[in-house]
1. When the residues of segment 49-104 are narrowed to those that are among the polar types (S, T, N, Q) and within 23 Å of Ile144 (Cβ to Cβ), which ends up modelled with the highest pLDDT?
2. Please find, among Leu54, Leu59, Leu42, the residue that is in contact with a Ser or Thr (Cβ under 7 Å, 6 or more places away or on another chain) and within 13 Å of ligand 1 (Cβ to nearest atom).
3. Sort out which residues of segment 191-215 are within 15 Å of ligand 1 (Cβ to nearest atom) and within 22 Å of the chain's Cα centre (by Cα), and write them in order of number.
4. Taking the criterion of being within 16 Å of ligand 1 (Cβ to nearest atom) and within 23 Å of Phe6 (Cβ to Cβ), would at least one residue in segment 131-150 satisfy it?
5. Any idea which of (1) in contact with a Phe, Trp or Tyr (Cβ under 8 Å, 6 or more places away or on another chain); (2) surrounded by 17 or more Cβ atoms within 10 Å (Cβ to Cβ); (3) more than 30 Å from Glu10 (Cα to Cα) is the one Gln315 doesn't satisfy?
6. Need at least 1 residues that are aromatic (Phe, Trp, Tyr) per element, so show me which helices (runs of 4 or more DSSP H) inside segment 243-302 make the cut, counting only ones lying wholly within it.
7. Restricting to segment 160-178, count the residues that are within 16 Å of ligand 1 (Cβ to nearest atom) and of a type in the set (S, T, N, Q).
8. Considering only residues that are surrounded by fewer than 20 Cβ atoms within 10 Å (Cβ to Cβ), under 20 Å from Phe6 (Cβ atoms) and away from ligand 2 (no atom under 11 Å from the Cβ), look in segment 25-64 and name the one that is farthest from the chain's Cα centre (by Cα).
Amino acid sequence: VIELKFVNREEELKTLHELANKGTTLPIYLYGPEGCGKTRLLKEFIKKVNGVALYIDALEGEDPEKALLTTPLNILTDIVKDLIKEVAKPVGQYLCLSLWKILKHIETKLQIRGKPLIIAVDDITRAIGLSKVEWYTKWLYELIKKLQEDYRPSSILIIATTSEGKSLDLVMRHTYTHINLVWNLDKEAHQELIQQLKPPKNIDPEQLWYYTGGNPRATIDIAENNWNIDSWIQKIEAKLRPLIRTIRSLNLTNELQKLIEDPDNIEKQPSQKMEQLYTILVEANLFMYKGFRTINGKHIPKNPELGIGEYYAWQIPAYKHALEQLLQR
Ligand SMILES: Nc1ncnc2c1ncn2[C@@H]1O[C@H](COP(=O)(O)OP(=O)(O)OP(=O)(O)O)[C@@H](O)[C@H]1O
Ligand SMILES: [Mg+2]
């Protein structure tokens, strides 16, 4: 698939560029629904940022050239060539843990002193594992201070991302990160994305919005499914069927029904069973806490139709619909 033209996110990019120039004392932890566009946003940002910037795809297993993106671009091949001799696999994980070494390599090629330094580490949880997430985010926090002393950049910005809900709980209980939400695309940007995918005439953009809530990956997925939304939902149902079995066996169907009606019921009608269900849905990356602001300070508004509450939400509306279907059978 060809990469689609980047749409929207102007405000986020503007804020990120400002932060890059100002620097932050705490690493920023970006968190949002799977496929909402965190990786793409970071890459677009790193490509155009003023200063010395480094993007690491922590999940890349094999290819250092895929795992790393730098600004200025020309230092990349040199670093990769230098590192490739000693790089361990999986590559992304190795790079996450070797930031120090990479910067040493960069420093031999170009001056970092007096310039903004930006580091983005993408998908840390899946790469280094839940058990190490707390340690790693703390380590990033310490890194800011050490980098300041050793390299004297004019500012430092470190960003990490995840879409694992479970990791959010772990990171949330500490004071050494800022947590910000990245959400699915807004309606206008979503329409732009759909137009790029050249939908057939009988496709109703409203229906795509209704099921994807503006999630770019889900939208692309539907396009690749020959725009057949019904069969796309059926595929989601097939994935969720075992989960419904578990939910039924634990007698949590009433609770699930309540969350389908309103995600905030998790908080409005608290109970042990609700907590049990919450854990299951968060671990399955279906449901999430959304009480944080976006990077540019916005609260994602409530939208009952899309399964978005004030503080909690379904990652994409299709999950809510698919679970509802399964419950009725
Ligand atoms: N603003 C955008 N404009 C155009 N395409 C986009 C945009 N945001 C995301 N995409 C596309 O949507 C797909 C999913 O985006 P991406 O991989 O960035 O999501 P993610 O939030 O990083 O997902 P995950 O949680 O799995 O890491 C990609 O193909 C990406 O290129
Ligand atoms: Mg990603």
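The values are calculated or read from the model by the stated rules, or taken from the named source; none is laboratory data. What you are looking at is a predicted structure, and each value in this text was computed from that prediction instead of being measured. So basically every Cβ, Gly included, is an ideal-geometry build from the backbone, and we count neighbours across all protein chains shown.
1. Asn50
2. None of the other options fit; the residue is Leu42.
3. Gln191, Glu192, Leu193, Ile194, Leu208, Thr212, Gly213, Gly214, Asn215
4. no
5. (3)
6. By residue number, 272-283.
7. Summing the residues that are within 16 Å of ligand 1 (Cβ to nearest atom) and of a type in the set (S, T, N, Q) in segment 160-178 gives 4.
8. Asn50
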